[in-house]
Structures are given as C-alpha cells and as structure tokens.
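The values are calculated or read from the model by the stated rules, or taken from the named source; none is laboratory data. Bear in mind the structure is a predicted one, so any value in this text is a computation, not a measurement. A quick note on method: Cβ atoms are made from the backbone with ideal geometry, for glycine too, and the neighbour counts reach across all protein chains shown. When the accessible area is computed, the model is the full protein with side chains, heavy atoms only, and any ligands, DNA or RNA have been set aside. Shrake-Rupley method; radii C 1.70, N 1.55, O 1.52, S 1.80 Å.
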Amino acid sequence: VEVKIEVVIPEKERSKEEMSPNGKASPLVYKVNGTARHYHLEEHPIASNPYHNPKDVVEASVCHVKDLENGQMREVDLGFGKALLIKENGEFYAMGHKCPHYGAPLVKGVLSKGRVRCPWHGACFNISTGDIEDFPGLDSLPRFQVKIEKEKVYIRASKQALQTQRRTKMMAKCISLSNYNLSSTNVLIVGAGAAGLVCAETLRQEGFSDRIVMCTMDRHLPYDRPKLSKSMDSHPEQIALRPKEFFRTYDIEVLTEMQVAAVDIKNKTAVFKDGFKMEYNKLLIATGNTPKALSCKGKEVENVFNIRTPEDANRVVKLATSKNVVIVGASFLGMEVAAYLTERAHSVSVVELEEVPFKKFFGERVGRAVMKMFENNRVKFYMQTEVSELREQEGKLKEVVLKSGKVLRADVCVVGIGAVPATGFLKQSGINIDSKGFIVVNKMMQTNIPGVFAAGDAVTFPLALRNNKKVNVPHWQMAHMHGRIAALNMLAHGMEISTVPYLWTAMFGKSIRYAGHGEGFDDVVIQGDLDELKFVAFYTKSDEVVAVASMNYDPIVSKVAEVLAAGRTIRKRDVE
C-alpha cells in the first residue's frame, strides 16, 4: 500500500483568493494637527497553485501503511524537508511538522480528536485542514494530500511548503479604500497586541472587505511582547508579528503613537489625545495593561524601568552589562529579566514581598525549587520586604534601600510588581467596568454596549473551565483567542469562547508550562523530582484538578489541556 502526500489549496480558499477585490491605489497621506498619517494600499499577487510548477514538487517513499497504528504520528523526511504523517480512525493525514509559533516538533505533541496540540505552548492544528484552532501564533500549517496505493508509501509535496512549514490563511482585501472618509472606519481596533492583530486578521480571513483601522500608543507595528523579558536584546523588526508589507497587502491600517482619550458610544466615535476623531461601526478595545510604578521616595531617578517596549528592554541590557541590577517583584516579568541578565550583569538581586517567588501561582514547593535554581545561578533574593527609597548620585540610581534596612548597590532597577488594566479613558463612557478597572464581557467578548467588544489583558470574561466564573487571564495565548472570538461575533457568528488557558515562562534555558486556571487551589499533587527540575504539579480545588504545571515533562501539560478542552473532569485521585 502506498501513501502519497501532495499539497492542495482547499477549493474554498482558492476561490476566496481569486475573487480578491481591489486594484492598485497610491498611498494616501492626510494631515491632522500638522501630523502626516500614511495609508498604504497595494494589490496582493494571487498565490500560485503548487501544481502549476512541476519543478516545485517532490516525491519520496516514506513508510508501509501498517507502520502506523491509529492515533500515531510520525515525522517523515522528503529530502527537501519533513512532513508530519498522522493516522486517526483508519485515515491518513499529513501536514507541516513544525509549530509555526516557535518551531516545536509537533510529533512530540498530543493528537486528540482530529487535532494536534503543540508540546511547548499549546497551539492546536486541525489535521484535516492544517488550520490553527488554538493559539499562540498566527499561521496555519501547510496540508498535504495523502494517497494510498499498493504496498509502499510515497509522499508528493511542494518543496516550498516543506521549507516554509507555515501557511497564512487566505484573506479578503478592502474594496475601493480610496473612496472612504478618512475620519470614519467600519472596524476600529484600539490596541495592537495579539488580541487586536488576531481580530483584524480573522475579519479578513472571514471575507470582511470593509475598512479596518488599528491604533496603538506604541511606535511599532504589533510585536511578540513575551520576548521583551525572555529575549531582551531583540530589536523591534526581529520580533514583529507581521512584516510591514503584510498590513499593506491586506489593507489593515495601523496608526502608531496614537492614544484614544475617550469613547463617545452615543455617536460611535473615538476621540484621540491630539483631538482627532474617528467614527466607527464596530469597536474592539484591546488596550492591555499598564505596569504599576513604585511609589517610594526617589521613584523618579534615572535608570529605573518598567519594561513596556523593545527600547526599554534593549536599554536595560545595555545599562546592566557588568553593573549591579535590582529587580523589584518576583513576578513572571521580574524573574525572566533576572534570569536573562545574570550572565551579563555583575550582580542581580530580587526584592519580593512574598516569602517564595510564584507562591500564589505555582504553590510553595514549586516556587522554592525555582528559587533554588536562581540561587544556583548567582541571583540573590531579599524576601518579605519592599523598597523604601531609591537613592541617586548625579540624578542616576546608586542604591536601593529596603524596609528591612538593607541597602543594595544598584545601577539599574527593573520594576515588575504587577499591572493595572489600561481602561482609565473609558470611565465616563458607559461601558461596564468592574471595581478593579477590568472591562466586563460575555462569552462572545461583547460589552454591555451593542457593537463594542473587548479582548485581552484588560477584560474579565466567563471561563467555561471554571463554571463560567468571571476571570481575568492575562496570557498571550488567551489574548489571541479573545481577538478571534471578537472578530467572529462582529460578523454575527454567535461564537462563544471555551479555550483552556495556557502559558509558559522561560528561565536559564528551561521552561515551565502551565494550563488551566488554578486560582484558589487548595492542594498540589507533585509527581517527579523537584530537585532535578523534572516534575509535573497538579493543582486541585476540592477534588478536582483545575490546573497543571510542568518542567522537563513534555507533553503532559498539553495532554491535560486536551482533556480539559474536551470538557472532561480530572479528579485528584486520578493524578495521585
């Protein structure tokens, strides 16, 4: 029996691409308060069908049909690249073998009910289509057609698809943008993080061909924000989620360094800080969080940072080299920055109010194991205390004084003591905001105002996993999913959110992966060895597992995420 694999563009997507409207238009420039704003509109060349170029096709023998059992995956080499071969319910499927997010080998992931979940960060791909179904990441996988003939297995695939290992879904374009009134848009997206970008992309993927405007206070196009603390040397263009050309090609307009100061829901208008006004039909608010600042004496001295932009991260690395660094707050951001700077700085100290890092999130035992790993890497901890004063010399930071009386030498200070939702501009708007400042949305990411949606770190939403309890989940993966759900419901699809939260943190080349929502856990069941940093921790509330964390134990977290995603309950006794 032969198995043949070849790349096919699904008929639906091919016709969507061919029907793409929009001729060439010259960039538009208009001025508001003397500031020039550019809108680039370009035609996108139609992607060629792989079959049109026989030289691009490769064929290779891979395996016997009986070599794979149901529920098995195998990475197969075609000479020009690899494919992932899957057998489920007696059928063969094939697609790209690497997760488009950070390149994880999907063969090490979890196959369940027609999809593969990445072992590293939990993204999910449909095995029939290659489409991304859960995040993080923006691209889908190339799908290869499988044919079975005789006793041998052959795979036929496009060399290009094998090499790129990713596929951007076909998208609509904007029809006759040049006719638009520049101060009105059909969809306005406030915030250009993962939620905002995925919302814009999903609208285009679903065939929406009206105007989309995103605005951001940032000076950059959307970028991979988790890398600010995990890979601090990265320049903006290295961590851009999409290149400039992408936004031009699909007519997604991005206004950078533009802050919305107020929203007038009656007149469906956003008012910008510089006085510019923009009318909208549908609005997505995805403004994220604002980092908390220190409130102690001397807080305005130089070289004290909240890491908010690539420039902040780059500057900290430069200033910290061979110098003394103090990190205030053993948060995810604080600990990742501490880990990144240990090899570069002369000394790294962490100041934290709790007795153990991550205690509320990972529990005391896991927190202590992580703390020990840091101490083995020369990081000093000052726990159960806080900063009382920042002292300067010639305007620049020299010392950090703690409430315990200890004085730490410091040339650079990074503050990671949490964040508050960036929703102050909505106070008088009539949009429902809770006592902590979070925007309240339903399962369709709708606010209390028709046509106004919200997504990402600034919202509380009903989490299916925890009996629809309203929660705030400030994770990168969740922001992606919020953006997608909001877009689908702008188009009246009636889609409800049901994803399982998934996050990761990276320190000293090691990752902790986490899935679920462990808030309020009352016990932790640990399997493996904490001292060796090879363990899995199950967080339980009453008798139920509500979250899981692991280190060097893949793909356990993705397995648990799949079980929870299927709506099944894991009992404490199942993991003991």
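Can you say whether THR249 is in contact (Cβ under 8 Å) with a residue 60 or more places away in the chain, among the hydroxyl-bearing types (Ser, Thr, Tyr) and open to solvent by less than 10 Å² (accessible area, probe 1.4 Å), as far as the supplied structure shows?
Numbers: in contact (Cβ under 8 Å) with a residue 60 or more places away in the chain: yes; among the hydroxyl-bearing types (Ser, Thr, Tyr): yes; open to solvent by less than 10 Å² (accessible area, probe 1.4 Å): no.
Criteria not met by THR249.
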Q: Tell me, yes or no, whether segment 470-486 has at least one residue that is among the charged types (D, E, K, R), more than 30 Å from LYS299 (Cα to Cα), out of contact with any strand residue (DSSP E or B) (no Cβ under 7 Å at 6 or more places or on another chain) and buried (at least 24 other Cβ atoms within 10 Å of the Cβ).
A: yes
Q. Does ASP274 count as among the acidic types (Asp, Glu), open to solvent by less than 50 Å² (accessible area, probe 1.4 Å) and in contact (Cβ under 8 Å) with a residue 60 or more places away in the chain?
A. no
Q.
Just to be sure I understand, how many residues within segment 544-576 are polar (S, T, N, Q) and on the phi > 0 side of the Ramachandran plot?
A. 1
Q: Restrict the check to segment 357-364 and report whether at least one residue is of a type in the set (Gly, Ala, Ser), surrounded by 17 or more Cβ atoms within 10 Å (Cβ to Cβ) and not in a helix (DSSP H, G or I).
A: yes
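Please work out if ILE239 is under 22 Å from LEU503 (Cβ atoms) and surrounded by fewer than 22 Cβ atoms within 10 Å (Cβ to Cβ).
Yes, satisfied.
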**Q.** Qualifying residue in segment 156-174 (condition: among the hydroxyl-bearing types (Ser, Thr, Tyr), open to solvent by 10 Å² or more (accessible area, probe 1.4 Å) and over 30 Å from the mean Cα position of the chain (by Cα))
**A.** no
Q: Output the residues belonging to segment 294-319 that are closer than 19 Å to VAL407 by Cβ and either open to solvent by 30 Å² or more (accessible area, probe 1.4 Å) or in contact with a Leu (Cβ under 6 Å, 6 or more places away or on another chain) (or both).
A: LYS297, GLY298, LYS299, VAL301, GLU302, ASN303, VAL304
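From VAL500, VAL548, grab the single residue that is part of a loop (DSSP other than H, G, I, E, B), outside the structural domain of VAL370 (by the TED database), closer than 19 Å to PHE361 by Cβ and open to solvent by less than 10 Å² (accessible area, probe 1.4 Å).
VAL500
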Q: For segment 320-335, enumerate the residues that are part of a helix (DSSP H, G or I) and open to solvent by 10 Å² or more (accessible area, probe 1.4 Å).
A: PHE332, LEU333
(Q) Given the criterion under 27 Å from CYS199 (Cβ atoms), out of contact with any His (no Cβ under 6 Å at 6 or more places or on another chain) and of a type in the set (Gly, Ala, Ser), identify the matching residue among GLY137, GLY114. (A) GLY114
**Q.** segment 336-351, subset over 18 Å from GLU399 (Cα atoms) and assigned to a loop (DSSP other than H, G, I, E, B), residue most open to solvent (accessible area, probe 1.4 Å)
**A.** GLU343
Q.
Within segment 75-104, take every residue that is open to solvent by 50 Å² or more (accessible area, probe 1.4 Å), over 19 Å from ASP131 (Cα atoms) and of a type outside the set (Asp, Glu) and give me the one that is modelled with the highest pLDDT.
A. ASN89
Q) Among the residues of segment 468-479, is there at least one that is closer than 22 Å to GLY109 by Cβ, part of a loop (DSSP other than H, G, I, E, B) and not assigned by the TED database to the domain that holds SER231? A) no
Q: Go through segment 452-469 and give me each residue that's open to solvent by 20 Å² or more (accessible area, probe 1.4 Å) and in contact (Cβ under 8 Å) with a residue 12 or more places away in the chain.
A: ASP457, ALA464, LEU465, ARG466, ASN468
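Okay, residues lined up against (1) within 30 Å of PRO450 (Cα to Cα); (2) outside any loop (DSSP other than H, G, I, E, B); (3) out of contact with any helix residue (DSSP H, G or I) (no Cβ under 7 Å at 6 or more places or on another chain); (4) of a type outside the set (Lys, Arg):
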| residue | (1), (2), (3), (4) |
| --- | --- |
| MET214 | yes, yes, no, yes |
| LEU284 | yes, yes, no, yes |
| ASN314 | no, yes, yes, yes |
| LYS318 | no, yes, yes, no |
Q) What tally of residues in segment 505-519 results from selecting those that are in contact (Cβ under 8 Å) with a residue 12 or more places away in the chain and either open to solvent by 20 Å² or more (accessible area, probe 1.4 Å) or part of a loop (DSSP other than H, G, I, E, B) (or both)? A) 8
(Q) For the structure I just gave you, tell me whether ALA192 is assigned to a loop (DSSP other than H, G, I, E, B) and either among the aromatic types (Phe, Trp, Tyr) or under 17 Å from the mean Cα position of the chain (by Cα) (or both). (A) yes
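Return the residue satisfying two criteria in turn: it lies in segment 387-413 and is in contact (Cβ under 8 Å) with a residue 60 or more places away in the chain and either acidic (Asp, Glu) or not assigned by the TED database to the domain that holds SER347 (or both), and of such residues it is most open to solvent (accessible area, probe 1.4 Å).
Selected residue: GLU392.
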(Q) Consider segment 143-179. How many of its residues are at pLDDT below 85, of a type in the set (A, V, I, L, M, F, W, C) and not in a loop (DSSP other than H, G, I, E, B)? (A) 2
**Q.** Positions within segment 386-425 being within 30 Å of LEU284 (Cβ to Cβ) and not in a strand (DSSP E or B), in sequence order
**A.** GLY416, ILE417, GLY418, ALA422, THR423, GLY424, PHE425
Q. Quick check: is even one residue across segment 125-143 closer than 17 Å to GLU75 by Cβ, under 17 Å from the mean Cα position of the chain (by Cα) and open to solvent by less than 10 Å² (accessible area, probe 1.4 Å)?
A. yes
